[in-house]
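Notes follow the structure.
Since every read-out is calculated from the coordinates, none of them should be taken as a lab result. Treat the numbers as computed from the prediction; the structure is a model and nothing was measured. Positions of Cβ are backbone-derived with ideal geometry, glycine not excepted, and every protein chain shown enters the neighbour counts.
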Amino acid sequence: METRKIGIIGAGAWGTAVAKTLGEKGHSVQIWSYEKEVASSINDEHLNRPYLLGVDLPSSIHATTNIAETAGGKDFIILAVPSLFLIDTVKQILMVPDILEGRTPIGILTKGFIPSTHLPVLPVEGVEKYLPGSYRENLVYISGPSHAEEVARGKLTGLISASKNPKNSIRFRELLSGGNLLVFSSLDIVGVQTAAALKNVVAIAFGMLDALKDISPFFGDNTESLLLAAGLSEIQQLGIAMGSTHTETFTSIAAVGDLDVTCRSVYGRNRRFGREIIHERKIEPYRNLEDLIERIASIGYLPEGAAATKYAHIIAEEKNLRTPVINAVYAILNRESEPLETLSEMIGKIGLGQ
């Protein structure tokens, strides 16, 4: 196998897990961290203590706080920063010669939406607006049911490598495939991104229902399955409205697979956030959803479904879509209504098809 130079922009749990997987395959991996202490932990201890504690990292991974160094001279670049910071991060690598001249293939792991002048857009479209024109329709989006904690520990995991350029999809598929990763190609880059963003919104609702099972006789496992089905329907609605090209995307690991693991896994941050809204009144300190997003660091971890809820609600209203799950999560996070009554009303709307 040919050794590749890989630059990963973002040293959170997912970026680190992918870096570990690639490093163990013999590739030379440089990972950029915004936080000096994270870079030091990776370089000095071969651990990412803040984000992936307990996972030993190979010596082939080197961390730096110099983003231009990470983006330059690489065979592949992978963007792994949260949606809230994606565009500001991309702006920092635009003048790197390899990026400026479009030499390095770029893959994106970020899940969520990006604000735009009219409607919010998906990560690939958002990034394309800033990158040189040669990257248009050549970026690759990588997603699937893939908690970093399990990928980093060698658990068998499936991923989707989606791109409008089939050759680039295959290039990233071949780069990532092997060991514990099974990677499949897709041309439906819009559908895969929509599924990746919206499953976090549904997972917040799922977490709240899961917590309410402890205190209300009204909710149970059957209710959660009802929610999953309704959530998947809304994911498909928005995906098609935004330009998804393949309906089978929504029955693949990109949608139903990622939705299931995000809602049911103990590693799911959005599920955890939903549970803590009930058990710890987690959103009580925030005036509304905008305030929550602005001060999201105060939560102590990043539930990306919060920002995704805001943008999904905007899109659904603009396109006149029927989305009771998204609407319920929005109303709760925006402090318009209480979880128990809102979720009970949401279930009623799902059941009546309203």
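Just a few scattered comments:
- For the stretch 252-322 and the stretch 65-104, distance of Cα centres in Å: 27 Å
- With R₀ fixed at 22 Å, the C-beta to C-beta distance from TYR34 to SER298 puts the FRET efficiency at about 0.80.
- Only lysines eight or more places from LYS164 in sequence, or on another chain, were considered; those with a Cα closer than 20 Å are LYS111, LYS129.
- Anchor LYS74: lysines whose Cα lies under 19 Å away (excluding residues fewer than 8 positions away in-chain): LYS5, LYS20, LYS25, LYS91, LYS167
- Low-density loop cleavage sites - chymotrypsin sites (Phe, Trp or Tyr not before Pro) in the stretch 182-290, where at most 16 other Cβ are within 10 Å (DSSP): PHE218, TYR267
- Taking the longest Cα principal axis of the chain as reference, the axis of helix 166-176 is set at about 80 degrees.
- Taking other residues whose beta carbon is less than 13 angstrom from the beta carbon of GLY73, and scoring Lys, Arg as +1 and Asp, Glu as -1, yields 0.
- Spin-label pair GLU338-THR3: with each label point 7 Å from Cα along the Cα-Cβ axis, the two points sit 6.3 nm from one another.
- In the chain the longest region clear of GluC sites (Glu not before Pro) that are loop-assigned by DSSP and have at most 16 other C-beta atoms within 10 Å covers 138-279.
- Residues whose amide H comes within less than 5 Å of that of ILE160, counting only those at least five positions distant or on another chain, are SER143, GLY144, PHE184 (H built at 1.01 Å from N in the peptide plane).
- Distance from the alpha carbon centroid of the stretch 173-246 to that of the stretch 28-42 works out to 30 angstrom.
- Taking the Cα centre of the chain as reference, the dipole from Cβ charges on Lys and Arg (+1) and Asp and Glu (-1) amounts to some 500 debye.
- Non-local Lys pairs in the stretch 190-352, i.e. 8 or more apart or on different chains, that have alpha carbons under 22 Å apart: 11
- Seen from PRO132, the other residues with C-beta closer than 12 Å to its C-beta sum to a net charge of 0, counting Lys and Arg as +1 and Asp and Glu as -1.
- Between amide H atoms placed 1.01 Å from N, distances below 5 Å from VAL121 occur with ILE114, SER116, all of them 5 or more places distant or on a separate chain.
- Where labels lie 7 Å past Cα in the beta-carbon direction, separation of ASP214 and ASP56 in nm: 3.6 nm
- Distance between the 7 Å Cα→Cβ label points at ARG322 and GLU248: 2.8 nm.
- With R₀ fixed at 25 Å, the C-beta to C-beta distance from SER177 to TYR267 puts the FRET efficiency at about 0.65.
- Rounded to the nearest 20 debye, dipole of the stretch 1-154 from Cβ charges on Lys, Arg, Asp, Glu: 180 debye
- Relative contact order of the chain, pairs being alpha-carbon contacts under 8 Å that are 6 or more residues apart, as %: 13 percent
- Beta bridge orientation in the stretch 5-187: antiparallel %, DSSP, nearest 5: 20 percent
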